[in-house]
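Asks: Encoded as structure tokens, here's the structure I'll be asking about.
The values are calculated or read from the model by the stated rules, or taken from the named source; none is laboratory data. All of these numbers come straight from a predicted model, not from anything done at the bench. Note: ideal-geometry Cβ built from the backbone for every residue, glycine included; neighbour counts use all protein chains shown. Heavy atoms of the whole protein, side chains included, go into the accessibility calculation; ligands, DNA and RNA do not. Shrake-Rupley method; radii C 1.70, N 1.55, O 1.52, S 1.80 Å.
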Amino acid sequence: MNPISTKTLDILERSLDAASLRQKVLANNIANVDTPNFKRSDVSFEATLQAYLDDDPPVLQGNLTHPRHLPIGVQPFNQIQPEIVVEDSTAVNNNGNNVDIDSEMTQLAVNQIKYNALIQQLNGQFAKLRTVIQGGR
Amino acid sequence: MGLFDGINISASGLTAQRLRMDVIANNIANAQSTRSADNPNLPYQRQRVIFAPIAAEGAFASILQGKLQAPGQGVRVAAVEKDNETPFKLVYDPSHPDAIKDPNDPNYGFVRLPNVDVTAEMVDMIDASRAYEANVTAVNAAKGMALKALEIGK
């Protein structure tokens, strides 16, 4: 096992990517709060990651021997990407805009705290590595 | 996707809402103007701002952006349009210099006032100022996250 690049670091890195993407998507929703016919977007990531973590070790995993093979079972870790989903089935306003500013601001706050928590975890990991490298000094 | 995209997106919202605020202020300031700048025979016409999301340039670029799963790039002001639909308010005041002087006109002696509804403008103004605040909060969130990212590995 490579001690520098562990699975924990990988997961933290992906989650940070997703949180920073979600910040941009939420900022775009807030900027377009008065735009007619604008539909809000969201980022789906946590559910995919949870499905991957629940399935570890995989119960059923299709072997991919060709890049065009379709994955069987839960996606492998290197395929988990944050995905932007446009929510176009609802309408909050008369002008076809479905941005609910209260929920956007709440999600913004949640996302920021989540991002800070992830950074703290990442720093904790690095601190552990440093302790090991310095021989506990 | 850069570090400051979130701030740029919110900045486009700030610009758009500030322009909207300027247009609303102009409407309120001209609520009694019986002559417009371009036509002295007509009163001031209420203006309104039309917003549109910033789209990637060209059809190919916008499809590519959709496929690349990139977030939107904010909001822009598509147009500032005159309100030609709401009728002017009529007030009977024959001594007014801009009163309708033609005796054959059914509105003889009436003054045409702008189609600005001050109450509606005030409501719009509060809406614009709240939306501006929301964008400021989003800028601060993005700023906090960028600063926090600098602490990785400190």
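Asks: What single numbered condition from (1) open to solvent by 40 Å² or more (accessible area, probe 1.4 Å); (2) on the phi < 0 side of the Ramachandran plot; (3) part of a loop (DSSP other than H, G, I, E, B) fails to hold for A:Gly73?
Replies: (2)
Asks: State which residue pairs qualify: first residue closer than 13 Å to B:Arg20 by Cα and inside the stretch B:38-50, second residue in a loop (DSSP other than H, G, I, E, B) in any location, beta carbons under 6 Å apart, and separation of 6 or more residues or different chains.
Replies: Short answer, once both residue conditions are applied: B:Arg46/B:Asp83; B:Arg46/B:Asn115; B:Arg46/B:Val116; B:Arg48/B:Asp83.
Asks: Anything in the stretch A:82-98 that is more than 15 Å from A:Arg22 (Cα to Cα), in contact (Cβ under 8 Å) with a residue 24 or more places away in the chain and within 12 Å of another protein chain (Cβ to nearest Cβ)? List them, or say none. Working first, answer last.
Replies: Narrowing the stretch A:82-98 to residues more than 15 Å from A:Arg22 (Cα to Cα): A:88-98.
Narrowing further to those that are in contact (Cβ under 8 Å) with a residue 24 or more places away in the chain: A:88, A:95-98.
Matches in the stretch A:82-98: A:Asn95, A:Asn97.
Asks: Here is a follow-up. Which residues, counting only those in the stretch B:13-29, are open to solvent by less than 20 Å² (accessible area, probe 1.4 Å) and either at the interface with chain A (Cβ under 9 Å from one of its Cβ atoms) or in contact with a strand residue (DSSP E or B) (Cβ under 7 Å, 6 or more places away or on another chain) (or both)?
Replies: B:Gly13, B:Ala16, B:Gln17, B:Val23, B:Asn27 - these are the residues of the stretch B:13-29 that are open to solvent by less than 20 Å² (accessible area, probe 1.4 Å) and either at the interface with chain A (Cβ under 9 Å from one of its Cβ atoms) or in contact with a strand residue (DSSP E or B) (Cβ under 7 Å, 6 or more places away or on another chain) (or both).
Asks: Sticking with this one: Can you pull out the residues in the stretch B:34-46 that are surrounded by fewer than 17 Cβ atoms within 10 Å (Cβ to Cβ) and not aliphatic (A, V, I, L, M)?
Replies: Within the stretch B:34-46, B:Arg35, B:Ser36, B:Asp38, B:Asn39, B:Pro40, B:Asn41 meet the criteria.
Asks: I'd like to check something: does the stretch A:4-18 contain any residue that is surrounded by 11 or more Cβ atoms within 10 Å (Cβ to Cβ), facing another protein chain (nearest Cβ under 10 Å), closer than 25 Å to B:Ala52 by Cβ and not β-branched (Val, Ile, Thr)?
Replies: no
Asks: For the subset of the stretch A:32-51 comprising residues that are in a helix (DSSP H, G or I) and not hydrophobic (A, V, I, L, M, F, W, C), which member is farthest from the other protein chains (Cβ to nearest Cβ)? If you could, list the steps in order and put the result at the bottom.
Replies: Narrowing the stretch A:32-51 to residues in a helix (DSSP H, G or I): A:46-51.
The next check asks that each one be not hydrophobic (A, V, I, L, M, F, W, C); those that pass are A:46, A:48, A:50.
Values: A:Glu46: 16, A:Thr48: 13, A:Gln50: 20 Å.
Looking at the filtered set, the residue picked out is A:Gln50.
Asks: Of the residues that make up the stretch B:120-138, is at least one among the basic types (Lys, Arg) and away from chain A (no Cβ under 14 Å)? Break it down into steps so the answer makes sense when it comes.
Replies: Taking the stretch B:120-138 and keeping what is among the basic types (Lys, Arg), we get B:130.
Now narrow it down to the ones that are away from chain A (no Cβ under 14 Å): none.
Among the residues of the stretch B:120-138, not one is among the basic types (Lys, Arg) and away from chain A (no Cβ under 14 Å), which makes the answer no.
This table checks each residue for (1) farther than 26 Å from A:Ile30 by Cα; (2) open to solvent by 30 Å² or more (accessible area, probe 1.4 Å); (3) within 14 Å of chain A (Cβ to nearest Cβ).
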{"residue": "B:Ile100", "(1), (2), (3)": "yes, no, no"}
{"residue": "B:Asn140", "(1), (2), (3)": "no, yes, yes"}
{"residue": "B:Lys143", "(1), (2), (3)": "no, yes, yes"}
{"residue": "B:Leu147", "(1), (2), (3)": "no, yes, yes"}
{"residue": "B:Gly153", "(1), (2), (3)": "yes, yes, yes"}
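Asks: Could you count how many residues in the stretch A:86-118 are outside any helix (DSSP H, G or I) and open to solvent by less than 50 Å² (accessible area, probe 1.4 Å)?
Replies: Residues that pass the stated criteria total 4.
Asks: Do you know which residues across the stretch B:104-117 are in contact (Cβ under 8 Å) with a residue 60 or more places away in the chain and open to solvent by less than 60 Å² (accessible area, probe 1.4 Å)?
Replies: Matches in the stretch B:104-117: B:Val111, B:Leu113, B:Pro114, B:Asn115, B:Val116.
Asks: Further question on the same structure: Among the candidates A:Gln61, A:Gln125, A:Gln121, single out the residue that is at the interface with another protein chain (Cβ under 10 Å from one of its Cβ atoms) and either not aromatic (Phe, Trp, Tyr) or not in a loop (DSSP other than H, G, I, E, B) (or both).
Replies: A:Gln125
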